[in-house]
Protein chains: 2
Amino acid sequence: MEKSTQGAANDAQVIAPFRSHAHDHGQCVVEAIAAAESRCEKDGSSFTPLRRQVLELVWSSHEPVGAYELLEKLRRSRRKAAPPTVYRALDFLMEHGLIHRIESLNAYVGCGDPERRHGGQFLICRDCQSVAELDDSAIDKAVARRADALGFDVQQQTVEIIGQCANCVSRGRNDR
Amino acid sequence: MEKSTQGAANDAQVIAPFRSHAHDHGQCVVEAIAAAESRCEKDGSSFTPLRRQVLELVWSSHEPVGAYELLEKLRRSRRKAAPPTVYRALDFLMEHGLIHRIESLNAYVGCGDPERRHGGQFLICRDCQSVAELDDSAIDKAVARRADALGFDVQQQTVEIIGQCANCVSRGRNDR
DNA sequence: CAAAATATGATATATTATAACATTCGGAGT
DNA sequence: ACTCCGAATGTTATAATATATCATATTTTG
Ligand SMILES: [Zn+2]
Ligand SMILES: [Zn+2]
Ligand SMILES: [Zn+2]
Ligand SMILES: [Zn+2]
């Protein structure tokens, strides 16, 4: 288990931090699948083998994965898979809050906390492509205040911050 | 000239508000083109007829426009236009801060203030598709604080808030 | 003017996503 | 067990968005 430098109240707003290269990722996958089963059971929706498999593929790392990359991997074990196979599974997973779409990358990433209702806030590292998921109430509030002032009714938020993660900053990487 | 309900210091953070149906949009276009000329002159880059024309097409409304929609319009007067024609112009306009790309819509919208350096913050109305551009320092600060706490170096931000604008809320529209 | 850089034209193709219809499969009700 | 129904997946085709590459034209520079 990795330990953050933030306090607990603060940590709750970091749904999924940047992870070290060495972390036990198998555990991430196990937890994600368990959360998905629980979520689908509550929703009364069926978490089929196909959907489970696509979710596992999305969770193959903490980097966003494109639909056609998923398709390629999926085909290794399910030769009949076609684009609609993947997109339908992705749609299902998104509807049930199990994954998020990263708009600026046309790619998908596992949700770190499907139990909690939240909009999408992401820090995305240009160099290592990994993603941290936030649910930062200060960002939410700032957005809500401005929206209120303009009479705008917020229904969905997309916050995607591109930059360099701490690992990559310290290594002085400058890949792109 | 439309008057806002916000104070001046606050207004500076709303780069482009939602506009009434009846506003003088010709004036918006004139100002945008003038700002673009000024910007390109400062940058020592050439604001060619093609680029000007594409910018005018982007500014044909306050709604984001897709590249192929621009291409179609462009072809009316420039029959040789092809996808690269439009995409190259869009790239140029983005590099010089004259337009922004709305990632969640794969579409482009004119920038309300090319003189000022700013990341992209947008309120997007689901119903009437119009867009307001923000440069809200509270949002910026909230993002910066969280990023700092995680050692993340912010290079670019994408904030796209979907919802209903005040006009559409008051009309009780529920198109989609 | 010649060379080099910039801008646009032209053709082809890559990447991402959806439409439409067919088939399979598992339960609900008979 | 049989039939119907609806959900899930299979299958084929195509739409929508974006880029690669090379050719040509135009402008800038020495
Ligand atoms: Zn992990
Ligand atoms: Zn990184
Ligand atoms: Zn206008
Ligand atoms: Zn509206």
The protein assembly as shown: radius of gyration and largest Cα-Cα distance (Dmax), Å: 21.8, 62
For A:R146, B:R19, A:R171, order by how many other beta-carbon atoms lie within 10 Å, fewest first: A:R171, B:R19, A:R146
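How many partner chain Cβ atoms sit within 10 Å of a residue's Cβ in peptide A:140-148, on average, as a whole number?
5
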Highest-fluctuation residue, B:S137, B:S77, B:S45 considered, GNM on chain B with Cα pairs under 10 Å: B:S77
Sorted by Cβ density within 10 Å, fewest first, the residues B:C28, A:C111: B:C28, A:C111
Length added when fully stretched, A:R88-A:T48, from 0.36 nm per residue minus Cα-Cα: 13.2 nm
Copies compared at A:A34 - label distances in nm, ascending, label defined 7 Å from Cα in the Cβ direction: 6.4
Label-point separation, B:A166 to B:A22 (7 Å along Cα→Cβ), nm: 1.6
Centre separation in Å (Cα based) which lies between region A:53-115 and region B:24-86: 37
Spacing of the two label points (7 Å from each Cα toward its C-beta) at A:Q156 and B:N106, in nm: 1.5
Residues A:T85, A:T48 arranged by fewest to most Cβ contacts within 10 Å: A:T48, A:T85
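Just flag the chymotrypsin sites (Phe, Trp or Tyr not before Pro) in region A:89-143 sitting in loop per DSSP whose Cβ has no more than 11 other Cβ atoms within 10 Å. It would help to have the intermediate numbers written out before the result.
Details: sites: A:F92, A:Y108, A:F122; in loops: none.
Loop-located and lightly packed - none at all.
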Diffusion coefficient, µm² s⁻¹, Stokes-Einstein with Kirkwood Rh over alpha-carbon pairs of region B:11-170 at 4 °C and 1.567 mPa s: 78
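Rule-based calculations on the coordinates, nothing more; no lab input. Because the structure is a prediction, the values reported are computed rather than measured. Neighbour counts are summed over all protein chains in view; Cβ atoms, including those assigned to glycine, are modelled from backbone coordinates with ideal geometry.
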